[in-house]
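The values are calculated or read from the model by the stated rules, or taken from the named source; none is laboratory data. What you see is a predicted model, and the numbers here were worked out from it, not measured in a lab. Ideal geometry is used to build each Cβ from the backbone, glycine not excepted, and the neighbour counts take in all protein chains shown. Areas reflect the complete protein model, heavy atoms only, side chains present, ligands, DNA and RNA absent. Shrake-Rupley method; radii C 1.70, N 1.55, O 1.52, S 1.80 Å.
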Amino acid sequence: MSKFASGDTLVPSVLAVLLLDSEGNRIIAKYYQGFLGTGLEKSKFEAKLFKKTKNTNTARSDADVIMLDNTIAIFRCGADTRFYVLGSAEENEIILNLVLDGLFEALNTLLRGQLESRALLENLETVMLAVDELVDGGMILETDPQSITSRVLMRGVEGTQPITDMSMSQAIATAKDQLFKSEYLRPHTGALNPPPLQV
Amino acid sequence: MSDGLEETSGLSLSSMVKEIQGLKDKFKREDADCPSPFADLEKATVLQECRVFSDAKVVTESPRKCSQLITKLLHIVTQGDAMSSSEVTEVFFGVTKLFQSTDASLRRMVYFFIKEVAETCNPDDVIIVTSSLTKDMNSNEDLFRANSIRVLAKMIDATMLGAIERYVKQAIVDKNAMVSSSALVAGAHLIRGSPDVVRRWVNEVQEALHSPSEMVQFHALSLLYEIKQHDRLAISKMVAQLTRGAISSPMATCLLIRYITAILKGSDVDMLASATGRAAYQFLELSLRHRSEAVIYEAAKAIVSLPGVEERDLGPAVAVLQLFLSSPKATLRLAAMRALCDIAIAKPAAVIKCNDDMESLISDSNRSIATFAITTLLKTGSESSVDRLMKQISSFMNEIADEFKIVVVTAIRELCLKYPLKHRVLVGFLANFLREEGGFDFKKAIVDAIVALMCAIPETKESSLLHLCEFIEDCEFTALSTQILHLVGSLGPTAAAPARYIRFVYNRVILENAVVRAAAVTALTKFAAQLPTLRASVSVLLRRSLRDEDDEVRDRATLALRLLGDDLVANTTEVNLLLEPFSMSFSRLGCALNKFNVAHGLEEEGLALNMTTLPVVDDMGPAASAQSASTAIHTSSPATEDVATELYKMPEFATLGKVFRSTSPIELTESETEYVVSVVKHIMDNDHVILEFLITNTIADQLLVDARITLESTDDDNVYTIVQSISAAKLRCGVTTRSWLVLRRNTSESNIFAAQFVAELKFRVLEIDPNTAEIEGDEDGFAEEYPLEDVEISTNDFMGKARVADTDFRSAWESLDRDGEVLEKFSLQFKDLESAVTAVTACLGMQPEDNSQTITDRTKAGVPHSLHLSGIFWVDVRVLVRAQLLLDEKAGCVLKMAVRSPVLQISQIVADCIK
């Protein structure tokens, strides 16, 4: 990662974005600005963070927050997953919350509300790209869920093949969706084509 | 493939659902077999599979397969199995082939992958994709343009940037927000490496600042600030302009608030009073009414952090924070609580109006918020609300983790110092939690708090002592038990009813492990030593420990009983031995014993070893000893190694007696010079002074021969005569060798000890080959001289820092006859007492007693500070000094000093040390 936004800068920035499953295993772990040098430090930190937050039962609709080792971690829960956005202790936690909400809502749309770890892993490509559209080297790139969604899907680019490794339940949901749309209004070009059903 | 849609929509809904249901069941079974789609991925296998990237057919026909492979690879890296540089390079070349495909999703994945590995990859390899990326930068697709710029920013340098600069500038003002944002963020990354190029984009960035997109505004503002960063005037102008309302984006407004705060904090004058300062403050206040919570919070945080902000200016900020306190969002509550907690440190009164809201937060489900609420309440609470607050906290304390409890304990300790009258409730509260469950750190925090309060508020002494005694009845931590037993031993005997503590202490002797038993025996001893009435009964208890299974416990009991005497009519000096701490630290005792051994090993005479015959070793300050303790792990502590060891090895000095004391090494050169010289002064116990010069040669191609130091006295007194000079024979590079000078003091001038000399290092230089160490050129070399700093022998070199060993300072002072007293008064050039005390102590070279080197608050208020010093003057004259220091408006620092010693002349010499 580039050394952008290191220390002295005033720009609101993110130190890490983490997605962990119900056992604290990584689904996504992106660290920025040289936060936590070695791999060992990172996994130790994740373990500590997970231990402190695994028993917090917050509703899916709202974020919770914890201060840990001179950082602020804002987190939200999926079915069996935890989404974290970390900033320095001096960071504006509400901005970090905006970042987390952006990611959470975007993934919620992209994965059709299926935020359990299996769905995240099955659509890992989508998840990785969503994080990449959210933060660039610690700099907050976009927090609007809709913009993130359409950028991840490369919406509006010709020749787009959909990212279609959805699980069957998603496939049904998509199929239903498309069915309704096809009856009432034609799907707009290029948007979320259904998955191939011949499996 | 996309024809699937048409097919499915052609089917009836029910049959389709049925069809899919069947498929779903089939898949469910497979799901159970394989919990993660990425389970059991092998890096080597995936790398192998990645070879298909070079197959043009696969790339164009199955882009999905390719991007899945990339995902798998990145997943492996995420799980912590990093790719080696060669592996990265191999895959990277494969991935570059994927540019053949026109599939947008695959292209997006390729961009992502290149960014991820750009750093681990060899820069020369990365370069090969620039042409593909530059092509994408000119694509008609916005998303291609945006992404390719982001990728390029991670890998290009200033020269290459020059070539594509034109496109980046275009991108900055692109009408698509994503393209513009990507270019601006790229600029923010690139300005580190190529500041000059990026600074040329200032006009485009300025234009982007007025983009309708909020994120573009934010990115443009941050880059614009970076560009103008070193021009303070331009920054002020830019910020002032923007405060007039050009910006709508919340993030950009937050950033603007930070820039304003930085400017206000950076200015040295009272900015808030100036017109620009006032305008800035107004902007902050206006921002408190912004639609975005992030901006409101940022503005409130900025206002409370302004230097010199007054309470009435804080009002609006505190008001919005108060609203946040009742927000359903945990983030908002924590944010507000943190800010209020910060304000409460300096201005508790400003936060009082939030007390009700904060009290309801004590039961917040988020423990961080609750802890902040409590600690803040403890700062803002009035004396009358303490009781109610404590009740609320006690229910809360059982629910939170130890680390939060410790924070609360610290806050209670501070509250008690603030409202000493409430000590009963507060200390009682602390004591209650001693009995609850908790880890060592938590219990230690409570014990420390109670002990600190005992020192600060004498009224709590008795009750706290009982609380602590009750705690050790059931304490699992040996360290805390021994600490408390020690405390009971030192404070218990002077308490109102000392006998009540005996039971607690004796219970430890019966029930605990050896370490605690030993501490308990010592505590009992102190009761017996100080309280004749209890002596007989305590002795009975002590006698039971004579048959303890542990050596240390038995030893302590035996020693105590012996010193107390069989008839229990102990004499005072022996009892004092039980009460007084040992007069020197163990490291110092070890050092002194070493010296004794070395000195007397050479001589035949059998000298009895006792405290008075031990050589004097300087006391190290507490800081120095603490430091050596921490460094002791890495190096053997220098204190334990006797500086005079080398001296005793020299047969030439055998007749010169023993070393009275040695100074620490004094540098005579800068540490980076060609030849590094330092000197150690050894004061012998007869009229000799031996100077030990440590010479280091740092020049590789020189061999120094016959290196010696010459001295020339700067005054005519000729206090010292040089009687012997021993030169260092050979000095190779990097080796430290010693050269010696023996000086004899002319006893006719018996009252003068100080002297100053001009020193010079003399030697012959032989040139050598640094590799083979063979001498090149002249075998005899040439003579060379090297000037050194002056060598000074001062009176305080003859003073050993030694504590009064067997009694306290006052009785030692009174035991010295008034005939040997010298009184002096000086006016010193010091601005504060701390430096004056340090300087006087250093000047005399003596040991401060009774902790009198620490300035207490009381003395700061115009009352003179008393300094007690003790030392041993050459060779065995006990010298004591009582000094008073006073800061005076006119005269500066006034020092009144009384020096006592058995010899009036010596008292005078010591007094004359102050010039």
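Scanning the range B:232-258 for residues being crowded, with 23+ Cβ neighbours inside 10 Å and under 36 Å from the mean Cα position of the chain (by Cα) gives a total of 7.
Which members of the range B:34-43 meet the condition of being open to solvent by 70 Å² or more (accessible area, probe 1.4 Å) and either more than 15 Å from A:Glu122 (Cβ to Cβ) or modelled with pLDDT of 70 or more (or both)? Those that are open to solvent by 70 Å² or more (accessible area, probe 1.4 Å) and either more than 15 Å from A:Glu122 (Cβ to Cβ) or modelled with pLDDT of 70 or more (or both): B:Asp40, B:Glu42.
You will find that of B:Ser368, B:Ser382, B:Ser360, the residue that is within 14 Å of another protein chain (Cβ to nearest Cβ) and of a type outside the set (A, V, I, L, M, F, W, C) is B:Ser368 and no other. Scanning the range B:416-447 for residues that are farther than 16 Å from B:Ser394 by Cα and open to solvent by 50 Å² or more (accessible area, probe 1.4 Å) returns B:Leu417, B:Lys418, B:Pro420, B:Leu421, B:Phe440, B:Asp441, B:Lys444. Scanning the range B:669-713 for residues that are aromatic (Phe, Trp, Tyr) and either within 30 Å of B:Lys658 (Cβ to Cβ) or outside the structural domain of B:Val723 (by the TED database) (or both) turns up just one, B:Phe693.
Contact annotation: no residue pair with Cβ atoms under 7 Å, 6 or more positions apart or on different chains, pairs a residue in the range A:130-154 that is more than 20 Å from B:Leu190 (Cβ to Cβ) and facing chain B (nearest Cβ under 7 Å) with a partner that is assigned to a loop (DSSP other than H, G, I, E, B) and modelled with pLDDT of 90 or more. Scanning the range B:96-126 for residues that are within 14 Å of chain A (Cβ to nearest Cβ), of a type in the set (Asp, Glu) and within 50 Å of the chain's Cα centre (by Cα) yields B:Glu116, B:Glu119.
Being open to solvent by 20 Å² or more (accessible area, probe 1.4 Å) and closer than 18 Å to B:Asp715 by Cα is true of B:Asn746.
Every condition in (1) modelled with pLDDT under 85; (2) in contact with a His (Cβ under 9 Å, 6 or more places away or on another chain) holds for A:Thr164 except the one numbered (2).
Considering each residue of the range B:456-478 in turn, none proves to be in contact with a Phe, Trp or Tyr (Cβ under 9 Å, 6 or more places away or on another chain), among the hydrophobic types (A, V, I, L, M, F, W, C), open to solvent by 10 Å² or more (accessible area, probe 1.4 Å) and over 21 Å from B:Val409 (Cα atoms). Applying the criterion of at least 3 residues that are hydroxyl-bearing (Ser, Thr, Tyr) to the helices (runs of 4 or more DSSP H) found wholly in the range B:46-126 leaves B:63-78, B:85-96. If you go through the range B:127-143 and keep only what is more than 9 Å from chain A (Cβ to nearest Cβ) and assigned to a helix (DSSP H, G or I), you end up with B:Ile127, B:Ile128, B:Val129, B:Thr130, B:Ser131, B:Ser132, B:Leu133, B:Thr134, B:Lys135, B:Asp136, B:Met137.
Within the range A:63-84, at least one residue is touching a strand residue (DSSP E or B) at 6+ places or on another chain (Cβ under 9 Å), farther than 23 Å from B:Leu334 by Cβ and open to solvent by 40 Å² or more (accessible area, probe 1.4 Å). Evaluate the following for B:Tyr501: is it under 19 Å from B:Val427 (Cβ atoms), among the aromatic types (Phe, Trp, Tyr) and in contact with a helix residue (DSSP H, G or I) (Cβ under 8 Å, 6 or more places away or on another chain)? In short, yes.
Checking each residue in the range B:480-491 for being more than 11 Å from B:Lys443 (Cα to Cα) and among the aliphatic types (A, V, I, L, M) picks out B:Ile484, B:Leu485, B:Leu487, B:Val488, B:Leu491. Scanning the range A:16-53 for residues that are among the aliphatic types (A, V, I, L, M) and either in contact (Cβ under 8 Å) with a residue 60 or more places away in the chain or open to solvent by 10 Å² or more (accessible area, probe 1.4 Å) (or both) returns A:Ala16, A:Val17, A:Leu18, A:Leu19, A:Leu20, A:Ile27, A:Ile28, A:Ala29, A:Leu36, A:Leu40, A:Ala47.
Collect the residues in the range B:854-882 that are over 18 Å from B:Met799 (Cα atoms) and at pLDDT 75 or above, keeping them in residue-number order.
Quick first cut of the range B:854-882, residues over 18 Å from B:Met799 (Cα atoms) only: B:854-866.
Once the filter is applied, which keeps residues that are over 18 Å from B:Met799 (Cα atoms) and at pLDDT 75 or above, the range B:854-882 yields B:Thr854, B:Pro864, B:His865, B:Ser866.
Within the range B:310-354, the set of residues being part of a helix (DSSP H, G or I) and of a type in the set (Asp, Glu) comprises B:Glu311, B:Asp313, B:Asp342. Restricting B:Leu524, B:Leu541 to residues that are more than 42 Å from the chain's Cα centre (by Cα) and open to solvent by less than 50 Å² (accessible area, probe 1.4 Å) narrows the list to B:Leu541.
Residues in the range B:291-326 that are hydroxyl-bearing (Ser, Thr, Tyr) and at pLDDT below 85: how many? Total meeting the criteria: 1.
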